[in-house]
Amino acid sequence: MRNRTGLAVVGALSLVAVGATPARAQVDRAFINPAGGYTHVVTAEDRGVKTVYVSGQVGQGADLQAHVESAFSGVAEQLTAAGASMRDVVKIRIYVTDFDPADYGVISAARLAAFPEDAWPASTMLGVDALAREGLRVEIEATAVVADPGADFELTRIGPSRGFSQAVVARHGAIKTIWIAGQVGRGDDLAEQTSVVFDRVSERLAEAGATMEDVVKTNTYIVDFQPDEDLRPYSQGRASVSGENPPTSTLIGIDRLVSDQPQIEVDAVAVIEDGGRGERLTTEFLDPAGSFTQVVTVQGEGAKTIYVSGQVGRPGESLEMQAQQALAGMQERLALAGATPADLVKVIYYLPGYTPGNTGIAGAREANGFPTENLPASTLLGIRSLYAETALFEYEGIAVIR
């Protein structure tokens, strides 16, 4: 039986109600290869099954092929440090600067070579404006799941397609987590493409035994997103499939997709209960905000995983102020689920018009009292736009608590 709870949370009085964690929920976290303001690999182990979050790994070399191949090598190296391998990867995102769709074959071939033929992950590939440092062409982040011998665990890959799978399902006990590869839209305008892309997400979920009602996180990428023109048709399309308890959400404007025709790509995470195994899934939807929810938590008999929508500051403020406000929002939303910033295992920073070295992150962390050690895995992206013309900073995260 699945217990779905939709809660409109207001103020600190709700913390006791939604923040209690059963005594049986245990998780061991490890922070591997710290690198200043982030950690290369963070793992969360629960009852013999370890989820591995790998920070964006960058490439180097004389051309795009060298950059993407060395970035994949970096992912493999970090997985090894966590006791995992490329065979255990369930989801990757590939970010490429100065991307030309004609170069997709280079990316595809490198991805195909990086993974065993029977272990292709769900995948999303995006053209972005900038990475953390000048001269970087490719960054790849990854999530992997690896189980101890004898653990009640099964990994299933659905819809293999030249180096990636359309969906990957990890069953731990009676709880299944489903990662959906980036799905692209087709049609004459953004409204039509938004409808098509969510239909495709729904189809992939159905293949994994789930529905849109089971989605806990969506990430949406729109080419040359113009908030004044594009936000309304996209929001209407998202609202039409959101249901009573919509998932957490992040929306960003990007430079390119894998070809010139699609305007929108969406990837997703869903969590369902495998009936008949005697374990109950509890899903909480905290702080609803129209067609998305700020925080969604999922928990079976083990640890609680917390998905937080992209947090933003007030448009029109300085970058530093927006960064401080976004991190304050993250702190507030985590508190609704009984967590703190110290429980974050993976974060992504999005900055329109990003200039390498100018992020406002350090001051924002200090202003909000974020931890200075055991930091989450991280990716930082220079992108085209956010939900408003003068929005300069967005910050999303995943946390795991005992």
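Here, each number is a calculation from the coordinates, and none is a lab measurement. Not measured: the values here are computed from a predicted model. Neighbour counts are summed over all protein chains in view; Cβ atoms, including those assigned to glycine, are modelled from backbone coordinates with ideal geometry.
Size of the range 2-401 from its Cα atoms: along the principal axes, largest to smallest, the extents are 52, 48, 44 Å.
Less than 5 angstrom separates the built amide H of Q26 from those of A303, all sequence-distant by 5 or more or on a different chain.
Given an 8 Å cut-off on Cα distances and at least 6 residues of separation, report the relative contact order of the chain as a percent. Relative contact order here is 20 percent. Just tell me which lysines come within less than 16 Å, Cα to Cα, of K176; anything on the same chain fewer than 8 places away is out. K176 reaches K50, K91, K217, K304. Every helix of 4 or more DSSP H residues in the chain counts as -39500 (n - 2.57), and over all residues that averages to -7500 deg cm²/dmol at 222 nm. Evaluated with a Cβ-only charge set (Lys, Arg +1; Asp, Glu -1), the chain carries a dipole of roughly 1040 debye about its Cα centre, given to the nearest 20. Once both labels are positioned 7 Å from their Cα atoms along Cα-to-Cβ, the gap between D188 and A289 label points is 3.4 nm. Annotation: peptides 365-378, 249-262, 148-161, ranked by per-residue average of other Cβ atoms within 10 Å with the highest first, follow the order 249-262, 365-378, 148-161. Treating r as the C-beta distance of E317 and E229 and R0 as 22 Å, the FRET efficiency rounds to 0.40. Based on every Cα atom in the range 273-402, Rg and the maximum pairwise Cα distance Dmax equal 15.8, 53 Å.
When each of the peptides 344-351, 32-39 is scored by how many other beta carbons lie within 10 Å of its residues on average, the order from highest to lowest is 344-351, 32-39. Remark on G185: its backbone amide H falls under 5 Å from those of Q263, I264, a criterion applied only to residues 5 or more positions apart or on other chains, H modelled at 1.01 Å from N. Placing pseudo-labels 7 Å out from each Cα toward the beta carbon at D260 and R277 gives an inter-label distance of 4.7 nm. The stretch between A62 and E389, if pulled fully straight at 0.36 nm per residue, gains 114.1 nm over its current Cα-Cα span. Available extension along the chain between A81 and D199 is 38.6 nm, counting 0.36 nm per residue and deducting the alpha carbon span. Between the range 102-118 and the range 194-227, how far is it from one alpha carbon centroid to the other, in angstrom? About 24 Å separates the Cα centre of the range 102-118 from the one of the range 194-227.
Comparing I140, I361, I94 in a Gaussian network model of the chain, where Cα atoms under 10 Å apart are tied by springs, the biggest mean-square fluctuation is seen for I361.
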